[in-house]
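Participant: Sharing a structure below in structure tokens format, with a few things to ask.
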Amino acid sequence: MKRNQVVILAASKDHAATSSKQTVLCSVFNKPSILHVVDAVKKIDKKPMVIVNQGDVETIEMTQARYIYAEQSDYNGTGGAILSAQSFLANSSSKNIVVVSGDNPLISNVTLKKLLRKNFWSESPVGMVVADVSSFTGDNKAFRHHGRVVRDKNGVISGVVEYLDATSVEKRITEVNVGCYVFDRLWLLAAIKKLTAVSSNIYNITDLISIAYSEGVSVDSVAVVSELEGVDISQNKNIALIEKHLYGDIGIPQVEVTVERVK
């Protein structure tokens, strides 16, 4: 049995641009965002990844038709993307499903490896990557509209609240969701059946975190190795920031790390 199967979410639209192209095709250093993500994923897993897109030829051509493609015919959210890949997940032999956002070109294989190591030792059915930012000023303004990670009085992750749904108190939370997860495959197949549309037939993958909490399932979390790895290109204004830092002064590492088991 393969331990991990990577799924890249690549169906979101570039709402901030004048065009309607997929966000993952936005250029970062003359290279589409999704190819930066693919490069990071290939360093942690050599098996063919699944790319969920809207059936657009450009995404398939850009990734040279080397992977498995699941079509999300109508964009109905990140949860809808997982629902679109449901039949593949059901037939997969992998123990875990690793979900990575294709519009997050700064994500490093080091952070992804860190997530998988934590999952290996804890064996929790759910894990996620977070960024604990110092503030929402300066370069960190890019995190302002990220979902906030909510914890209960014991410090246990109880959910993720999207920025538009957050209260004024929740918006002050500085631990934000990065959009990378690992799920036990069988747990995920059961949990996605519990997803409900939040509005206009939109399903959020973040609802799986609150589902886990309601079931008493512990949710692992690891922090990005470098803070700005969590920045995505959902807004065009972030591209300049990403290009500034991609191979610049934050020096995001792209080498493997070893995470020792805590005794």
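Participant: Could you count how many residues in the range 123-144 are crowded, with 16+ Cβ neighbours inside 10 Å and either within 16 Å of Gly179 (Cα to Cα) or touching a Ser or Thr at 6+ places or on another chain (Cβ under 8 Å) (or both)?
Facilitator: Within the range 123-144, residues that are crowded, with 16+ Cβ neighbours inside 10 Å and either within 16 Å of Gly179 (Cα to Cα) or touching a Ser or Thr at 6+ places or on another chain (Cβ under 8 Å) (or both) number 12.
Participant: Here's a follow-up. Give just the number: which of (1) modelled with pLDDT under 75; (2) exposed (fewer than 13 other Cβ atoms within 10 Å of the Cβ) does Ser234 not satisfy?
Facilitator: (2)
Participant: Looking at the range 210-231, which of the residues that are within 13 Å of the chain's Cα centre (by Cα) and either at positive phi or among the β-branched types (Val, Ile, Thr) (or both) is modelled with the lowest pLDDT?
Facilitator: Here the residue is Val231.
Participant: Taking Ser94 as the residue in question, decide whether it is farther than 23 Å from His146 by Cβ and surrounded by 15 or more Cβ atoms within 10 Å (Cβ to Cβ).
Facilitator: yes
Participant: Turning to a different aspect of this structure: Which of the residues spanning the range 178-202 are aromatic (Phe, Trp, Tyr) and either at pLDDT below 95 or buried (at least 22 other Cβ atoms within 10 Å of the Cβ) (or both)?
Facilitator: Step one: filter the range 178-202 for residues aromatic (Phe, Trp, Tyr), giving 181, 183, 187.
Residues satisfying the conditions are Tyr181, Phe183.
Participant: Pick out the one residue from Ser101, Ser108, Ser84 that is under 30 Å from Val169 (Cα atoms) and small (Gly, Ala, Ser). Steps first, answer last, please.
Facilitator: Numbers: Ser108 fails: under 30 Å from Val169 (Cα atoms); Ser84 fails: under 30 Å from Val169 (Cα atoms).
Testing whether each residue is under 30 Å from Val169 (Cα atoms) and small (Gly, Ala, Ser) leaves just Ser101.
Participant: Of the conditions (1) in a loop (DSSP other than H, G, I, E, B); (2) in contact with a strand residue (DSSP E or B) (Cβ under 6 Å, 6 or more places away or on another chain); (3) under 21 Å from Lys113 (Cα atoms); (4) not hydrophobic (A, V, I, L, M, F, W, C), Lys46 satisfies every one except a single condition; which number is it?
Facilitator: For Lys46, the exception is condition (2).
Participant: Let me ask something else about it. For the range 157-186, give me the residue count where each residue is out of contact with any Ser or Thr (no Cβ under 7 Å at 6 or more places or on another chain) and over 25 Å from Ser108 (Cα atoms).
Facilitator: The number of residues fulfilling the criteria is 10.
Participant: Quick one: what pairs do we get from the range 208-223, first residue free of Cβ contacts under 8 Å to residues at least 24 places away in the same chain, second in a helix (DSSP H, G or I) and basic (Lys, Arg), C-beta under 6 Å, 6+ apart or different chains?
Facilitator: Close Cβ pairs satisfying both conditions: Ile211/Lys194.
Participant: Between Asp139, Asp184, Asp165, which is of a type in the set (Asp, Glu) and over 28 Å from Gln72 (Cα atoms)?
Facilitator: Working: Asp184 fails: over 28 Å from Gln72 (Cα atoms); Asp165 fails: over 28 Å from Gln72 (Cα atoms).
The unique qualifying residue is Asp139.
Participant: Still on this structure: Can you pull out the residues in the range 48-88 that are surrounded by 15 or more Cβ atoms within 10 Å (Cβ to Cβ) and among the charged types (D, E, K, R)?
Facilitator: Asp56
Participant: Within the range 23-31, does at least one residue satisfy the condition of being under 21 Å from Ser87 (Cβ atoms) and either at pLDDT 80 or above or touching a Ser or Thr at 6+ places or on another chain (Cβ under 6 Å) (or both)? Before you say what the answer is, go through the steps one by one.
Facilitator: Here is the first cut: in the range 23-31, the ones under 21 Å from Ser87 (Cβ atoms) are none.
Scanning the range 23-31, I find no residue that is under 21 Å from Ser87 (Cβ atoms) and either at pLDDT 80 or above or touching a Ser or Thr at 6+ places or on another chain (Cβ under 6 Å) (or both), so the answer is no.
Participant: Let me spell it out: the conditions are (1) surrounded by 21 or more Cβ atoms within 10 Å (Cβ to Cβ); (2) without any contact (Cβ under 8 Å) to a residue 40 or more places away in the chain; (3) of a type in the set (A, V, I, L, M, F, W, C), and Leu35 meets all of them except one. Which number is the exception?
Facilitator: (1)
The values are calculated or read from the model by the stated rules, or taken from the named source; none is laboratory data. Values in this document were obtained by computation on a predicted structure and should not be read as measured data. Virtual Cβ from ideal backbone geometry, glycine too; neighbours counted across all protein chains shown.
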